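Below is one structure; the comments refer to it alone.
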Amino acid sequence: MIHFKQLAQEYKTPLYVYDFDYMAKQYEALKEAFRGRKSILAYAVKSNSNLSVVQHFAKMGSGADCVSIGEVRRAFLAGVPAYRIIFSGVGKSDDEIREAIERDILYINVESEAELGRVELIAQELGRVSRISVRVNPNIDPKTHPYISTGLHDNKFGVDLESAKRIYIKAKNSPHLDPVGIHFHIGSQLTELDPIRESAEIVADMVRSLQAIEIELKFFDIGGGLGVVYNNETTIKPYDYAQAILGTLTGLDMTIICEPGRFLTANAGYFLTKVLYEKKNGSKRFVVVDGAMNDLIRPSLYKAYHKIEAISESKTELSEADVVGPVCESGDFLAKNYLLPTLEHNDLLVVHSAGAYGFGMGSNYNTRGRSAEIAIEGGKARLIRKRETFEDIIALETEFLQKS
Ligand SMILES: *Cc1c(COP(=O)(O)O)cnc(C)c1O
């Protein structure tokens, strides 16, 4: 039971609230599913990159899946050991590759032949050997939203099987590269098991064909993507997920790396926003709130559904309303045609399932400061990020003001 009203009073709105105990429960459930196998859960930092969140998982033994050197630095700061950090992503700058090699992380997930070339060159310059894994694009339709589908040849991610093989051979023959893993990640918010199983089969076969040419990989990296309930979705159970993967690995003794993001954080998070006022344009009802697309962009970007709970004394009948923010875009909404009672100034709305891809996708658009973030652990609340002030927003610009 989280006391949203008290939190909103104490910390003001808009506000992000994360249930750390729920995150721990999700972590343990997934870890348990892979019991008896060597496995590492590498938390996908991009889903919620607050240092206290990353530290929370690190304390449970989690690794970190990072998609920029900034995320790698966050993982180190939060106490994730280098040997559990992975660096993925379709475009890495030379500086990022250099730092990842210097920091001696578990491996770099390579996503193209050209990238392998850069990694090799930089490792050579540093006089080091870089551990790599290759992200394979198995060309499987994950049946999720097109913006979060990544495992089709139409998507920019990974390499096809033919290219992957060439990359492994090149890596094996290079004194500066050590191919240790294979990776796939076909999309996010996956609710069907078949595409995952099919992808794992394709990738496991690839492992076997590499064995035949004496390339022995240690890590079978299954990516993330496990879906969660936002509305009424049927989701995949951790046990079934693990069994489906393990079923493809007969005869292979590999450590499984899983990179969950949303599964750990989405339903641990709540976005709190206050009603400013109601208005009508003709017969269309709008509830104008103090939170906006710059705080939570998922409804605007993906037409994502988030459950909204009104904390109000109002006993009026429900009617449909669009919940909209102050940002100057028609795409600025948290919900459309949502059934809500008549609301008063300062009534509180709790937007559920906001723990993943919420705060992190935020921006300062319209010179709006980012929300504060709160952790709830063992019934106690603590601030884990201050609300951004106007001064924070302009700090990097003020020195350039022309004095006349
Ligand atoms: C985004 C991402 C993840 C996490 O995805 P979720 O859907 O949040 O679990 C894992 N691995 C890679 C490579 C990613 O890009």
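Considering only residues that are of a type in the set (A, V, I, L, M), under 22 Å from Thr144 (Cβ atoms) and in contact with a helix residue (DSSP H, G or I) (Cβ under 8 Å, 6 or more places away or on another chain), which ones fall in region 257-291?
Selection gives Leu264, Ala266, Ala268.
Condition (residue is assigned by TED's automatic domain parsing to the domain that holds Asn173, of a type in the set (Asp, Glu) and under 18 Å from the mean Cα position of the chain (by Cα)) applied to region 62-78: is it met by at least one residue?
Yes, because at least one residue in region 62-78 is assigned by TED's automatic domain parsing to the domain that holds Asn173, of a type in the set (Asp, Glu) and under 18 Å from the mean Cα position of the chain (by Cα).
When residues of region 290-313 are filtered for being in contact with a Pro (Cβ under 8 Å, 6 or more places away or on another chain) and either under 20 Å from Thr13 (Cα atoms) or assigned by TED's automatic domain parsing to the domain that holds Leu190 (or both), how many remain?
Summing the residues that are in contact with a Pro (Cβ under 8 Å, 6 or more places away or on another chain) and either under 20 Å from Thr13 (Cα atoms) or assigned by TED's automatic domain parsing to the domain that holds Leu190 (or both) in region 290-313 gives 8.
Take region 182-225 and flag every residue that is outside any helix (DSSP H, G or I) and basic (Lys, Arg).
Hit for region 182-225 is Lys218, nothing else.
Quick check on my filter: what residues within region 63-78 are more than 13 Å from the ligand (Cβ to nearest atom) and in a loop (DSSP other than H, G, I, E, B)?
Answer for region 63-78, where residues must be more than 13 Å from the ligand (Cβ to nearest atom) and in a loop (DSSP other than H, G, I, E, B): just Ala78.
Using beta carbons and a limit of 7 Å, which pairs, at least six apart or on different chains, have the first residue in region 67-92 and in contact (Cβ under 8 Å) with a residue 12 or more places away in the chain and the second one among the aromatic types (Phe, Trp, Tyr) and not in a loop (DSSP other than H, G, I, E, B)?
Cβ pairs passing all conditions: Val72/Phe87; Ile86/Tyr107.
List pairs: first in region 209-237 and in the same structural domain as Val351 (by TED's automatic domain parsing), second surrounded by 13 or more Cβ atoms within 10 Å (Cβ to Cβ) and in a loop (DSSP other than H, G, I, E, B), Cβ under 9 Å, 6+ apart or cross-chain?
Partner pairs satisfying both residue conditions: none exist.
State all residues of region 103-115 that are at negative phi, more than 16 Å from the ligand (Cβ to nearest atom) and within 25 Å of the chain's Cα centre (by Cα); if no residue qualifies, say none.
Across region 103-115, the qualifying residue is only Arg103.
Can you list residue pairs whose Cβ atoms sit under 8 Å apart, with the first residue in region 5-30 being more than 19 Å from Asp347 (Cβ to Cβ) and the second being at pLDDT below 95? Count only pairs 6 or more apart in sequence or on different chains.
As it stands, the answer is Asp19/Ile2, since those pairs meet every condition given.
Every residue, every condition in (1) within 16 Å of the ligand (Cβ to nearest atom); (2) more than 28 Å from His153 (Cα to Cα); (3) among the charged types (D, E, K, R), yes or no:
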{"position": "Gly36", "(1), (2), (3)": "no, yes, no"}
{"position": "Tyr43", "(1), (2), (3)": "yes, no, no"}
{"position": "Val80", "(1), (2), (3)": "yes, yes, no"}
{"position": "Gly91", "(1), (2), (3)": "yes, no, no"}
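Contact list please: Cβ distance under 9 Å, first residue in region 175-187 and at positive phi, second residue at pLDDT 95 or above and small (Gly, Ala, Ser), pairs at least six apart or on different chains.
That search, which allows pairs on different chains as well, returns Gly187/Gly223; Gly187/Gly225.
Considering only residues that are away from the ligand (no atom under 13 Å from the Cβ) and farther than 13 Å from Leu152 by Cβ, which ones fall in region 183-200?
Glu192, Leu193, Asp194, Arg197, Ala200 - these are the residues of region 183-200 that are away from the ligand (no atom under 13 Å from the Cβ) and farther than 13 Å from Leu152 by Cβ.
Restricting attention to region 346-367, which residues are buried (at least 23 other Cβ atoms within 10 Å of the Cβ) and within 16 Å of the ligand (Cβ to nearest atom)?
Answer for region 346-367, where residues must be buried (at least 23 other Cβ atoms within 10 Å of the Cβ) and within 16 Å of the ligand (Cβ to nearest atom): Ser353, Ala354, Gly355, Ala356, Tyr357, Gly358, Phe359.
Please determine, by comparing only the residues of region 153-176 that are within 16 Å of the ligand (Cβ to nearest atom) and modelled with pLDDT under 95, which one is surrounded by the fewest Cβ atoms within 10 Å (Cβ to Cβ).
Checking each candidate, the answer is Lys156.
Can Ser62 be described as hydroxyl-bearing (Ser, Thr, Tyr) and under 21 Å from Phe157 (Cβ atoms)?
No, not satisfied.
The values are calculated or read from the model by the stated rules, or taken from the named source; none is laboratory data. Please read these numbers as outputs of a predicted model, since none were measured by experiment. Positions of Cβ are generated from backbone atoms using ideal geometry, with glycine treated the same way; all protein chains shown enter the neighbour counts.
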